[in-house]
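Participant: Please read through the structure below; I'll follow up with questions.
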Amino acid sequence: MRETIMGSLALSRADILDQPAPSIAGEVARIAREQLAPLAAGIDDGSVYPAEVLRKFGEVGAWGSHMPHEGPADLRCAIQAMAAIGEVCGATAFMAWCQNTLVWYAANSTNMKLAKRFGDAFSTGRVLGGTGLSNPMKSFFGIEKLKLKGRKVEGGYIVRGALPWVSNLGPDHYFGTIFEREDEPGLVMFLADCSDPAITLTPCKPFLAMDGTGTYGVQFRDVFVPDDLILADPAGPFVKKIRAGFILLQAGMALGVIRDCINIMDEVGGPLGHVNRYLPQQPVHFRDLAAELEAETMALARDPYNEEETYWRKVIALRLRAGEASVAAAHAAMLHCGARGYLRSHRAQRRLREAYFVAIVTPATKQLRKMLADS
């Protein structure tokens with residue numbers, strides 16, 4: 001299964017032209033500072049789901065810059081915008097990844113009717129949603145079995161099963177996921193419509209952080225999925241095409257968290273620098289590390305359809321480093337803050353909890369290490 005689904009990437013990407021215009025990331029950063037920052041604590045504790053801010057980001061182009069144009073695609077601007085969001089709120093950066101990934105699915109689908117119906121709606125943020133590929137991505141590496149089953153009927157499929165956690169959802173949202181056929185061998189990827197009465201969203205038990213991310217358990221009770229909502233049938237070649245982008249886009253979460261951890265260390269440099277200088281990890285170390293990660297991310301993000309196996313290994317290795325660097329930076333920020341960072345009101349402790357999420361969200365640190373070992 002792994003070799004079939006996660007084999008060589010399909011389309012080749014030639015040279016991408018100039019650097020992405022900074023205007024989108026700049027506008028996103030402005031909205032994040034002005035409108036998102038006051039909501040960050042509420043998003044963290046689950047009292048706020050920032051739907052309107054997510055739509056504002058969409059209005060300035062945050063969700064559309066990575067859509068492929070006449071073949072090539074460039075993820076750099078999308079990642080930079082996500083990092084700007086993450087510098088203010090890691091939970092919202094995660095929702096940004098969910099939205100960007102949903103756009104990535106629709107933009108790469110060969111179902112032209114679906115692409116025409118949803119491409120603009122998703123990329124502008126008029127319609128919000130997420131990705132339900134956590135279980136499928138684990139199944140491709142023998143970690144879990146696929147939880148959704150489907151069978152062919154006239155005009156589409158009937159799908160049943162349950163997914164324990166899908167994020168950036170609401171009653172009018174969509175997400176992409178995969179089911180295994182019951183009637184014959186095969187995997188099918190589709191868009192799930194949360195407004196379907198046969199789909200039930202169940203709130204999850206409270207998380208350690210990021211409770212305002214619209215995360216639900218999703219139950220499919222013989223849901224009719226029309227052909228118009230099929231992203232790819234069979235799903236295998238499609239997953240090969242979108243897998244690098246799926247993972248690379250997560251770098252935006254890590255870069256944002258790391259940047260603010262550096263900011264936190266700098267902020268306490270005045271009052272605590274005389275003693276913090278004895279700590280082994282200093283802001284300058286993380287500035288250098290962040291610069292390295294960003295440079296490598298931008299280089300890989302220019303070419304998400306690269307079919308070379310060496311490229312795929314670089315993507316996995318980068319994602320692994322990004323998660324580990326996030327945890328290291330947040331840990332250092334806590335030590336630099338000392339007792340003040342231990343206050344619930346201080347964002348250092350929120351950053352630590354967000355950093356752990358970067359390290360455990362699919363593909364988690366342990367899965368990434370397994371992927372490298374198996375490749």
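Quick note: the coordinates plus some simple rules give every number you see, no bench work behind them. All values reported here derive from a predicted model rather than from experimental measurement. Counting neighbours? That spans all protein chains shown, and the Cβs are built from the backbone with ideal geometry, glycine included.
Participant: Taking only the alpha carbons of region 243-374, what extent do you get along each of the three principal axes, in Å, biggest first?
Facilitator: 51, 24, 22
Participant: Same structure, new question: Using a basic spin-label model with each label point 7 Å from the Cα along Cα→Cβ, how many nm lie between Asn263 and Asp120?
Facilitator: Between Asn263 and Asp120, the simple spin-label model gives 3.5 nm.
Participant: Run the simple label-point estimate for Lys152 and Tyr278 please: 7 Å along Cα→C-beta, distance reported in nm.
Facilitator: Rounded to a tenth, the inter-label distance reads 7.2 nm.
Participant: What are the residues whose amide H is under 5 Å from the amide H of Asn306, where those residues sit 5 or more places off or on another chain and H is modelled from the backbone?
Facilitator: Distant-sequence amide H within range of Asn306: Arg13.
Participant: Here is a further query. As a test of the formula, what do you get for the chain when each DSSP H run with n ≥ 4 contributes -39,500 (n - 2.57) and the sum is divided by the residue count, at 222 nm and rounded to the nearest 500 deg cm²/dmol?
Facilitator: -15500 deg cm²/dmol, from helical runs alone.
Participant: Here is a further query. Using the Cα atoms of region 134-236 to build a convex hull, what is its mean projected area in square nanometres?
Facilitator: Averaging across all directions leaves 6.7 nm² for the Cα convex hull.
Participant: What residues qualify as long-range amide H neighbours of Gly156, i.e. H under 5 Å apart, gap of 5 or more or another chain, H built at 1.01 Å from N?
Facilitator: Asp227
Participant: Tell me, in nm to one decimal, what length is gained between Leu343 and Ala373 on full extension, where the rule is 0.36 nm per residue of separation less the Cα-Cα distance?
Facilitator: Values: separation 30, 0.36 × 30 = 10.80 nm, distance 4.02 nm.
That works out to 6.8 nm of additional length.
Participant: As a quick test, which of the pairs Lys145/Lys205; Lys113/Lys241; Lys56/Lys145; Lys145/Lys241; Lys138/Lys314 have an alpha carbon distance above 28 angstrom in this structure? Walk me through the numbers before you get to the answer.
Facilitator: Details: Lys145/Lys205 23 Å; Lys113/Lys241 19 Å; Lys56/Lys145 38 Å; Lys145/Lys241 22 Å; Lys138/Lys314 19 Å.
Distance filter (> 28 Å) returns Lys56/Lys145.
Participant: Kindly write out, for region 68-80 in residue order, the coupling ³J(HN,Hα) from the Karplus curve 6.51 cos²θ - 1.76 cosθ + 1.60 (θ = phi - 60°), rounded to whole Hz, with x marking Gly and Pro.
Facilitator: x, 10, 6, x, x, 9, 9, 9, 4, 5, 4, 5, 5
Participant: Need one number: % antiparallel among DSSP beta bridges in the chain, to the nearest 5. Write down the numbers at each step before the final one.
Facilitator: Working: 28 of 33 bridges.
Of those bridges, close to 85 percent are antiparallel.
Participant: Against the globular-protein guess of 2.2 N^0.38 Å, express the Cα radius of gyration of region 29-106 as a ratio, rounded to two decimals.
Facilitator: 1.09
Participant: Could I ask something else about it? To one decimal place, what orientation-averaged projected area in nm² is obtained for the convex hull of the Cα set of region 193-249?
Facilitator: Computed as one quarter of the Cα hull surface, the answer is 5.9 nm².
Participant: Could you tell me, in Å, what Rg and Dmax come out for the Cα atoms of the chain?
Facilitator: Final numbers for Rg and Dmax: 20.1, 72 Å.
Participant: Taking loop as defined by DSSP and a crowding limit of 13 other beta carbons within 10 Å, which trypsin sites (Lys or Arg not before Pro) in region 128-160 fit?
Facilitator: Answer by residue number: Lys145.
Participant: May I pose another question? Using only Cα atoms, what Kirkwood radius does region 243-302 have, in angstroms? Can you show the working numbers first?
Facilitator: Working: mean 1/r = 0.0778 Å⁻¹.
Kirkwood radius, region 243-302: 12.8 Å.
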